[in-house]
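**Student:** Quick one: this structure, given as structure tokens, is what I'll be asking you about.
The values are calculated or read from the model by the stated rules, or taken from the named source; none is laboratory data. All of these numbers come straight from a predicted model, not from anything done at the bench. With ideal geometry, Cβ positions are generated from the backbone for all residues, glycine too; neighbour counts draw on all protein chains shown. Protein only, heavy atoms only, side chains kept; ligands, DNA and RNA dropped before computing areas. Shrake-Rupley method; radii C 1.70, N 1.55, O 1.52, S 1.80 Å.
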Amino acid sequence: YIIPDFYILNSNGKLELSLNTRNSPDLHISEGYKEMLRSYERGAKTDKRQKEAVLFIKQKLDSAKWFIDAIQSRYHTMMLVMATILELQKEYLATGDETLMRPMILKDIAERTGLDISTVSRVANSKYVQTEFGTISLKYFFSESLSTESGEEVSTREVKKILSDMIAVESKKRPISDQKLTEILNQY
């Protein structure tokens, strides 16, 4: 089973994005450790062991704060990337029609979010989004583009879908020639 990292809910035509945090515990620093630090700091600081204990607790609390901040930053980055993918692929995600997928590369997301391409790549790698059309790998949304004679960019995925649909309905005894397929694609 694939557990999605994101959910997209189509609520009367409005696409709502959420992060799946069901398997992530709510991270916080235990009040017991904070209180322990306060009590050590209130005590006499002449004892070497007590000073070492205060320093040890402070280091561990700082490490815990850093870890919590890093997890929150990760969630923020993931949501930023997915929200940008949603923005660019909105028509596809609203309908499920592959021919509405826009050409999109990692650089497009990086430029819109201000993130490094390698960061976008790490977010897109091995992450999934649950839509009303199924669970989709984020990598699926990325495709190169072809330019039409009018200069419009078309996703290679759209071209493949059109060709696939044409081949699926052709007569197997008399398949459509490559020349005819080219002519039909030119009409699109």
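**Student:** Can you tell me which residue is modelled with the lowest pLDDT among those in the stretch 80-99 that are touching a Ser or Thr at 6+ places or on another chain (Cβ under 9 Å) and not small (G, A, S)?
**Tutor:** Across the stretch 80-99, the extreme among qualifying residues is T99.
**Student:** With the condition being closer than 13 Å to I8 by Cβ, I'd like the helices (runs of 4 or more DSSP H) fully within the stretch 77-144 carrying at least 3 qualifying residues.
**Tutor:** Values: elements: 90-95, 106-113, 117-124.
Counting at least 3 such residues, we get 90-95.
**Student:** Let me ask something else about it. Given (1) surrounded by fewer than 16 Cβ atoms within 10 Å (Cβ to Cβ); (2) more than 16 Å from the chain's Cα centre (by Cα), identify the lone condition not met by T99.
**Tutor:** (1)
**Student:** While we're on this one: Evaluate the following for F67: is it among the aromatic types (F, W, Y) and under 19 Å from K161 (Cβ atoms)? Walk me through it before giving the result.
**Tutor:** Numbers: among the aromatic types (F, W, Y): yes; under 19 Å from K161 (Cβ atoms): no.
No; evaluated as a whole, the condition is false for this residue.
**Student:** Taking the stretch 39-64 only, how many residues are loosely packed, with under 12 Cβ neighbours inside 10 Å and in a helix (DSSP H, G or I)?
**Tutor:** Looking only at that region, the number is 9.
**Student:** Quick one: is N23 exposed (fewer than 15 other Cβ atoms within 10 Å of the Cβ) and at positive phi? Talk me through it step by step, then tell me what you get.
**Tutor:** Values: exposed (fewer than 15 other Cβ atoms within 10 Å of the Cβ): yes; at positive phi: no.
Considered against the rule, which asks whether it is exposed (fewer than 15 other Cβ atoms within 10 Å of the Cβ) and at positive phi, N23 comes out as no.
**Student:** Got at least one residue in the stretch 107-115 being at pLDDT below 90 and open to solvent by 40 Å² or more (accessible area, probe 1.4 Å)?
**Tutor:** We begin by selecting, within the stretch 107-115, every residue at pLDDT below 90; these are none.
No, every residue in the stretch 107-115 fails to be at pLDDT below 90 and open to solvent by 40 Å² or more (accessible area, probe 1.4 Å).
**Student:** Across the stretch 147-177, what is the total count of residues that are modelled with pLDDT under 75, surrounded by 14 or more Cβ atoms within 10 Å (Cβ to Cβ) and not in a helix (DSSP H, G or I)? Give the steps one after another, and end with the answer.
**Tutor:** So in the stretch 147-177, the residues modelled with pLDDT under 75 come out as 147-158.
When the remaining residues are screened for being surrounded by 14 or more Cβ atoms within 10 Å (Cβ to Cβ), the result is 154-155, 157-158.
If we keep only those that are not in a helix (DSSP H, G or I) as well, we get 154-155.
The qualifying residues number 2.
**Student:** Filter the stretch 122-146 down to the residues that are over 17 Å from R102 (Cβ atoms), at pLDDT 90 or above and out of contact with any strand residue (DSSP E or B) (no Cβ under 7 Å at 6 or more places or on another chain), then identify the one that is most open to solvent (accessible area, probe 1.4 Å).
**Tutor:** If we take residues in the stretch 122-146 being over 17 Å from R102 (Cβ atoms), at pLDDT 90 or above and out of contact with any strand residue (DSSP E or B) (no Cβ under 7 Å at 6 or more places or on another chain), then R122 is most open to solvent (accessible area, probe 1.4 Å).
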